[in-house]
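The values are calculated or read from the model by the stated rules, or taken from the named source; none is laboratory data. Not measured: the values here are computed from a predicted model. For neighbour counting, all protein chains shown are included, and Cβ atoms are generated from backbone atoms with ideal geometry for every residue, glycine included. Accessible surface is based on the protein model in full, side chains and every heavy atom, while ligands, DNA and RNA are left aside. Shrake-Rupley method; radii C 1.70, N 1.55, O 1.52, S 1.80 Å.
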Amino acid sequence: PVTVTWDAEHAEGGDLGTLEFFATGGVQPGGADVRVATAAGDLVPSDVLMVGPGDRVRVAFALQKNIKNYYVYWGNPSAPPSKLKLEYHRGLLMEMRVFPGGMVNRERQMLEAWGRATDVIGRAVVDRPFIGVNLLTDQQQTISKFTGQIFATIDGDYQFAMAADDFGMLMVDDKAIVFARGAPADTRFNGSIHLTRGLHSF
């Protein structure tokens, strides 16, 4: 059983809950059998972020309006694949992988490096696209990706600036907006894009 402390009565949709639990050795590889349901037994979209280290499991799930009590199930050796896909409208999904090496000094090389990075270190939901410390590992060479949405309040041109150590790229609606080389304390790496009012992929 899981009780979520949140303003369930005024939910606007897209809200996420995250939790970590110890599975007592019963979770299938990759958490393929983990499910989250309401007290009424209705499954909700969920996403297993990490299994491990040890017996720890981290999962994100879609919060439902007016519902604070949920149940997490696991241990079914023949659980069918879940058909409920969790979408990240609120918060950001951060995925960290082992950096595969190679040159990364332009947008295309960044995308290629992410595609070649197959060793996943871990995933977590974070509240902002900023890492001051390495959240998931002692691994020195990593590559990370933040995935979520931003809300444009009005139609217009929006300017973004970023910094990254060593390199970073910002994409909005699958378009490369900024490529940063280094982490200066200013806005020298910036770009703009015209957005219509509403949600846009980030």
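Descriptive notes on the structure:
- Checked against (1) within 12 Å of V2 (Cβ to Cβ); (2) open to solvent by 70 Å² or more (accessible area, probe 1.4 Å); (3) touching a helix residue (DSSP H, G or I) at 6+ places or on another chain (Cβ under 7 Å), I67 passes all but a single condition, namely (2).
- Of the criteria (1) among the acidic types (D, E); (2) over 18 Å from K85 (Cα atoms); (3) in contact with a Lys or Arg (Cβ under 8 Å, 6 or more places away or on another chain), which one D7 fails: (3)
- The number of residues in the range 5-27 that are surrounded by fewer than 17 Cβ atoms within 10 Å (Cβ to Cβ) and touching a residue at least 40 places away in the same chain (Cβ under 8 Å) comes to 11.
- Looking only at the range 96-121, and only at residues there that are basic (K, R) and over 14 Å from G168 (Cα atoms), the one that is least open to solvent (accessible area, probe 1.4 Å): R97
- For the range 28-45, a residue qualifies if it is surrounded by 14 or more Cβ atoms within 10 Å (Cβ to Cβ) and out of contact with any strand residue (DSSP E or B) (no Cβ under 7 Å at 6 or more places or on another chain), and the qualifying residues are Q28, A32, D33.
- Test set (1) open to solvent by 40 Å² or more (accessible area, probe 1.4 Å); (2) within 21 Å of L111 (Cβ to Cβ); (3) modelled with pLDDT of 90 or more - H200 fails condition number: (1)
- Among the conditions (1) surrounded by 13 or more Cβ atoms within 10 Å (Cβ to Cβ); (2) over 27 Å from T142 (Cα atoms); (3) at pLDDT below 90; (4) not hydroxyl-bearing (S, T, Y), the only one that A124 does not satisfy is (2).
- When residues of the range 133-176 are limited to those that are open to solvent by 60 Å² or more (accessible area, probe 1.4 Å), within 30 Å of P53 (Cβ to Cβ) and without any contact (Cβ under 8 Å) to a residue 40 or more places away in the chain, the one nearest to the chain's Cα centre (by Cα): N134
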